[in-house]
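The values are calculated or read from the model by the stated rules, or taken from the named source; none is laboratory data. All values reported here derive from a predicted model rather than from experimental measurement. In this analysis, Cβ positions are derived from the backbone assuming ideal geometry, glycine residues included, and neighbour counts consider all displayed protein chains. Surface accessibility is based on the protein's heavy atoms, side chains included, excluding ligands, DNA and RNA. Shrake-Rupley method; radii C 1.70, N 1.55, O 1.52, S 1.80 Å.
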Amino acid sequence: MGMTKATSPSSWRCGFHLMPPVGWLNDPNGLCQFRGVYHVFHQYSPAWPEPNAPRGWGHATSRDLVHWEHHGMVIAPDTDDETHGSYSGCAVVLTGAAADGGDALRLYYTGNVKEPGDYDYIRSGRRATQLMIETDDGFALGPKRVLMRNGDYPITCSCHVRDPKVWREGGAWWMILGARDLFDRGFVLVYRSDDGVAWAFHGQVRTRDDFGYMWECSDRIALDGREYLSFCPQGMEERPWACGLRDQAGYIPVPDGARLADAPVLDAATFRRWDAGFDFYAPQTFTDDAGRTILIGWMGLPEPPYASAPAGMDWCHCLTVPRVLSRAADGAITQAPAPELEALRGPERELEPGGALKLADHRADIVLAGVDEGTVLTLDGVLEVRCENGGVTLSFADAAAGEAGVGGGRARRSCAADGGRAVRDLRVLVDGSAVEVFADGGRIVFATRWFPRADELTVALAGACERARLWAMGDGMAATWGAA
Ligand code: FRU
């Protein structure tokens, strides 16, 4: 394309949000800790912004969730079953199954094919094939094996069946696939297998009331013995809470006494969004060796009404930081940035209410305790994080500037605290063009992109706050830029 990395301000690059050195990223895929190494695969089109740039899996690894190395595109759409993309999927670890007696890894994903011709690509013209790859070390990938084709799904399915998530439970392997039926209702298919290779249809997970026309990126979460279905329903723009966005990401608790594998009917009224920010979709979870359930999301949207990559960028999108999930007593899931990120903190500084601090780089971890209604944290005089109306509001002061503004067309998002709870804590991670906000013990979370114009980061605090601490943050992504 003749573009160089210098075409966008380097201050927009991230130091602890995973992003590829060049090209387009979307969903996190194949998340796992395998042989002691964290692997994050992701949807990747390295040739972006070339039109129709091939979509495969990118790969990044880390030993600490902080310092990442990027290995480029490792699953390419190079067979007849994935001509239009090696789409999203997952990883599972097979204990002791490798040739050396150690663990082996299996990657499951969807091959996407659009047949040439005059099709609607919903009921005809599209193939969705489930594939699997094995590897003994996480790097040298074995051959691609086809597990299921469209003819293997129930006849009520449209062509849209994708994003396998696999887990082990009760001596069997289970797979869920997000799907759209012929009546334009989103749902999840459940498959069962003894060996993880031959799969038998087991059931369907639906909501009692219709909830969108397609469910993408379904995931099964188990916390303290309770299960949740995480998924991304599409067709939600008319819902009062949807901020007009077609594509949403959230979860529904599996009813007491039921198992997701048994295909329960879920209550759509209990759907809770993962994130109230501008840029969040397609999250995936995994359980690490310490038993933590960790979520990573895509800080982007399939059809954002605002800028994802202002003109001249040769890369697009990043992932959220790893978020550790916990189950609160009321069943809500709380999210906290992985504590490993604190390794990037520089010296601690105090911020006084009414005061401001300047940092040389656009990277900071800001922790506020004892906040109250009217507490406002302002970044670069433009992005406000405000405690108000029993919740938290994120707003761009120059929103009227549209795409020319720091928010690139983003304006305002709010999230109320649960059941009249008072918000007392606030944490803001600033990382180049990525900002994540965690409040009320991780019940309120916002992910947003922004495109700051200044080289320095200015953090100002107003209103009540018992203690405000701030750390400049280091760069965990240096090895990734080296890969460019
Ligand atoms: C979600 C999604 C998935 C699909 C992938 C393709 O963002 O549409 O359903 O597998 O992205 O890149």
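One table, with the values for the structure above:
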quantity	calculated
Cα-centred dipole magnitude for the chain, charges only on beta-carbon of K, R (+1) and D, E (-1), debye, nearest 20	360
In nm, spacing of pseudo-spin labels at Ala140 and Arg226 (7 Å Cα→C-beta vector)	4.6
Extension gain (nm, one decimal) between Ala336 and Arg259, 0.36 nm per residue minus Cα-Cα	25.1 nm
Percent carbon-and-sulfur accessible area, region 334-422, ignoring ligands, DNA and RNA, probe 1.4 Å	49
Under-5 Å amide H pairs with Gly89, H placed in peptide plane, nonlocal only	Gly30
Cα centroid separation, region 225-296 to region 443-476 (Å)	27
Along the chain, longest interval not containing exposed chymotrypsin sites (Phe, Trp or Tyr not before Pro), exposed being DSSP loop plus at most 15 other Cβ atoms within 10 Å	242-484
Rounded percent of accessible protein surface that carbon and sulfur make up, region 9-114, 1.4 Å probe	49
Residue list for region 170-186, given a label point 7 angstrom along the Cα-to-Cβ vector of Gln204 and an amide N cut-off under 14 Å	177-186
Sparse-neighbourhood loop sites, GluC sites (Glu not before Pro) in region 419-471 - DSSP loop, at most 14 other Cβ within 10 angstrom	Glu456, Glu466
Computed P(r) (all Cα pairs; region 349-473; 5 Å bins; percent)	2, 12, 24, 25, 21, 12, 4, 0, 0
Diffusion coefficient, µm² s⁻¹, Stokes-Einstein with Kirkwood Rh over alpha-carbon pairs of the chain at 37 °C and 0.692 mPa s	144
Where the chain is the region considered: accessible area per residue in Å², 1.4 Å probe	37
Value of [θ]222 nm, deg cm²/dmol, for the chain, DSSP H segments ≥ 4, -39500 (n - 2.57) each, nearest 500	0 deg cm²/dmol
Stretch gain in nm, segment Asp425-Ala329, where the contour uses 0.36 nm per residue and the Cα spacing is subtracted	32.7 nm
Computed E for Ala479/Ala311 - FRET, C-beta separation, R0 22 angstrom, nearest 0.05	0.20
At R0 = 41 Å, FRET efficiency that the Cβ-Cβ distance of Ala397 and Thr270 yields, to 0.05	0.70
Loop sites in region 226-323: GluC sites (Glu not before Pro), DSSP, at most 10 other Cβ within 10 Å	Glu238
Two-site FRET efficiency, Asn52 against Glu169, from Cβ-Cβ distance with R₀ of 45 Å, rounded to 0.05	0.70
Heavy-atom accessible area ranking, 1.4 Å probe, most first, across Leu147, Leu189	Leu147, Leu189
